[in-house]
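Reviewing the structure listed below.
Nothing in this text is a laboratory measurement; each read-out follows from the coordinates by a stated rule. The structure displayed is predicted, hence computed values, not measured ones. Glycine also receives a Cβ, built like all others from the backbone with ideal geometry; neighbour counts cover every protein chain displayed.
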Amino acid sequence: MQDTQDSKMPRMFLVAVILISMCGPLGMNIILPSLSSYQEVFKTDYANAQLTLTFYLSAIALAQLIYGPISDKVGRKPIVLFGLIVFAVGSLICLFSTSIEMMIFGRMVQAFGGCSGMVMGRAMVRDLYKDDEAASVIAYMTMAIVLAPTLAPALGGILEDQFGWQASFVFVLGFACLVLAVVLSGIRETLPGNKRHNSRFASLFMSYGHLLKNPKFMAYTFQVSFCTAAYFAFLGGSSFVLLDLMGGSASQLGILFVVVSLFYILGNFGTARLAKKLGVPWMIRLGTIIIVIGALLLCIWELTIGLGPYSFFGLMSIVAFGNGFCVSSGLASAIGADPERVGAASGLAGSLQIGLGAVSTYIAGSLLAAYETTPMPLLLVILGCCVLGLLSFLLGERYSRRLTY
């Protein structure tokens, strides 16, 4: 591993890592304003149109399990180049889709390709930096990367209104080509040949077995996954709560989402500035405590005063702020828990993060559908995820101390 005191990450390299990590989130959210158009164009219903998101998310979770261990054998850069090409091909399939089935297939191809940057970006940073430094760099990356899912729906809406549903895929295709050019000129291989696995491809996936038996990896991965799941649950239920229960508007929803995202960016900025001074454990401890406080305030406010649009999103901003401290730090620690399996750790951690997030979204949506007059089911799911994130970290810390002594 590179000595972080003797070398600094080149600016062009950091830009390239950020751009490859943005592809997946950008492709996922930019189509949101076009779902109604898919119903018209492909003569289908909303449930089928929404599968373009569901299968995209599923493909990301699966692809992360594949890319990680393979990159430990062939290196990071070949995976990035392959993924960008697949991402572009998937965008072309979507652009020329003539049925909802073809569109869903194209979205899966697009997600499979875009996911490579999400996995490799974290692995590349972890190849070069130790725990505290990696947490700081990943936090800076996250600040930039989070702009993609935040601004993508607004951009997709403008493109939809001005040029039609195909325009979003034209933009994403152009973005993929731009990123490919940047990678070819500004990114180098971070995994030297002497650190790569020489075993057969099939045996590489046994890395997951080793990681699942690694208590440090599991503690940090579940901490990150539960903390992220709280936010995913919010994403899945906030539209229903604001629009149907509180009588808000779609434009209000978009603006308030930006506010929540800004607090998440602020938390990541705090991590980037403080991680090297305080250390990763303190950043995670601080972040998980903040998110539990924010989730408790949401429940108490609803039970006493009653939440409105601004109090709902305002208190959720506290949770997002805390996530900014503990998610980047937890990911850096999970990925570095086994220095021999950094790629596999990045893939497995990311897959569990997305998987638990999808489960929390489903649970929150189902409970809100069953209890249509109150946001409490959503708030309890958020609180439960936050508490489990804190407990995962505390149990992992306790187990690590026992091993030390």
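Rank-order 210-223, 113-126 by packing density, defined as the average count of other C-beta atoms within 10 Å over each peptide's residues, highest first.
Most protected by this proxy first, the peptides run 113-126, 210-223.
Determine, at each q value in 0.08, 0.11, 0.13, 0.15 (inverse angstroms), the log₁₀ of I(q)/I(0) that the Debye formula gives when each Cα of segment 207-405 is one equal point scatterer.
Values returned for q = 0.08, 0.11, 0.13, 0.15 Å⁻¹ are -0.27, -0.50, -0.68, -0.87.
Rounded to the nearest Å, what's the spacing between the alpha carbon centres of segment 261-339 and segment 211-227? Just the number, please.
Each part's Cα centre sits 18 Å from the other's.
When you count, for each residue, the other Cβ atoms within 10 Å and take the mean per peptide, how do 226-233, 84-91, 240-247 rank with the highest first? Could you put the intermediate results ahead of the total?
Numbers: 226-233: 27.4, 84-91: 22.8, 240-247: 16.8.
So the order, starting with the most tightly packed, is 226-233, 84-91, 240-247.
Any idea what the dipole of segment 207-405 comes to, in debye rounded to 20, about its Cα centre with Lys/Arg Cβ at +1 and Asp/Glu Cβ at -1?
On the way: 10 positive and 6 negative charges, 181 e Å.
I would put it at about 860 debye.
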